[in-house]
Amino acid sequence: MKLVSYLKEEHEQLGVVVDGMVYDIDTLHPDLPTSMNMFLSYWEDYLPVALAGLSSMEEGRMMPGGSKPIEEIQLLAPVPLPPSCRDGYAFRQHVEAARRSRKVEMIPQFDQYPIFYFMNHHGIQGPGEVRCMPDHLEKLDFELEVAIVICKPGRNIRAEEADQYIGGLMIMNDLSARRLQGEEMLLNLGPAKGKDFSTAIGPWLVTLDELEPYVVPAKENHVGLNWNLNMKCFVNGIQVSSGNVADMDWTFAELIERASYGVTLYPGDVIGSGTVGTGCFLELNGTGRLNDPNYQEQWLQEADVVELEIDGLGKLSNTIVRDEDDFSILARKKNV
């Protein structure tokens, strides 16, 4: 099942996507809620009802009306108001390449435990324009990722049981202002201002039942589901990145185990995978410079269209837009 949140009469509306058409979720059953957050809060009650209604519709036993082509609606983030957002560091290839470009050894702790950082949950957005301040456009980067949403509360969740807390998968673009990020990370704190302006997710949330054909084993000595889903990024129609969700070394189950240690996870919490190998310009530029001293770096520019595409999860499209405010915090550094 593909679940979307979109704007209907200036309010958030939960819908289901069938063959490119969007139906209000309550057309599948009148008791279903009209918001994603409410649906997630009672996931185990509502999901079977929604799936039964969808099955009836696909089999022709129910003919709901009121649908619209997905191109004609204003999509929001599938989870418009997540209670929290975390981003993992699950792809070894990305970590190795990033460290190699800085001429430092691979950190052995990567293979000992998964890590994550907190993101600005108010910075979550769906497809569409990404508004950037001038400092964000200093080495602006995409990050090609996949994300999950938590569908029931849990604390101290063991990895062996964690997959049952995953409501579904969606595409994530963890947009990064590398100039800001690089400065603050020199002080061993962050990332903060380099990340908090926007994180795009979407275009929809795909429930796990629909992804069963893609399931593959986790990597050796790891626990949890993984999926064989090709990942690509296009900038202005030109492919710049490719990978696969199955390349994740740490699984979402293992990320959930660590994230929930001594802490309750709640329905609607979003957890990203971290960047796939080759999944950002920071990594691509670093590798390019190692191979060619004259390598021309590439970063996102104003008016660029960034499209992330993952098998089974759709395509997430965002356009980079310069904010009208020309204020710069980079220009306000103290002289010492």
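For segment 2-142, the residue among 121, 47, 65 whose Cα projects farthest onto the positive side of the dipole built from Cβ charges is 121.
Let me know the charge dipole size of the chain about its Cα centre in debye, to the nearest 20, where only the beta-carbon of Lys, Arg (+1) and Asp, Glu (-1) is charged. Write down the numbers at each step before the final one.
Values: 28 positive and 51 negative charges, 242 e Å.
I would put it at about 1160 debye.
To the nearest ten degrees, helix 281-291 and the longest principal axis of the Cα atoms of the chain are 40 degrees apart. If R0 is 25 Å, the Cβ-Cβ spacing of residue 185 and residue 319 corresponds to a FRET efficiency of close to 0.35. Mind jotting down the distance between the C-alpha centroids of segment 193-219 and segment 136-150, whole Å? Centre-to-centre distance over Cα atoms comes out at 12 Å.
Other residues lying with their Cβ under 15 Å from the Cβ of residue 324 contribute a combined charge of -4, Lys and Arg counting +1, Asp and Glu -1. Pairwise Cα separations in the chain fall into 10 Å bins from 0 onward with the following percentages, short to long: 6, 26, 34, 23, 9, 2, 0, 0. How many angstrom lie between the C-alpha centres of segment 16-51 and segment 311-336? Answer, in whole Å: 34. Think of the chain as having a plus end and a minus end, set by charges on the Cβ of Lys, Arg, Asp and Glu; of 281, 181, 33, 181 sits farthest toward the positive end of this dipole.
The C-alpha atoms of the chain define a longest principal axis, and helix 43-58 lies at about 70 degrees to it.
Compared with the dominant principal axis of the Cα atoms in the chain, helix 92-101 is inclined by about 20°.
Near residue 260, the amide H atoms lying under 5 Å from its own belong to 157; only residues 5 or more places off or on other chains count, and H is placed 1.01 Å from N.
Think of segment 294-336 as a dipole: +1 on every Lys or Arg Cβ, -1 on every Asp or Glu Cβ, centred on the Cα centre; then among 294, 314, 327, 327 lies furthest on the positive end.
Give me the percent relative contact order of the chain, please, defined on Cα pairs under 8 angstrom at least 6 residues apart.
Details: 788 pairs, mean separation 77.9, N = 336.
With pairs under 8 Å counted, the relative contact order is 23 percent.
Among the lysines of the chain, pairs at least eight places apart or on separate chains and with Cα atoms under 19 Å apart come to 11.
FYI, it's all coordinate maths here, none of it is from the lab. Computed from a predicted model, the values in this text were never measured in an experiment. All Cβ positions, glycine included, derive from the backbone under ideal geometry; neighbour counts span all protein chains shown.
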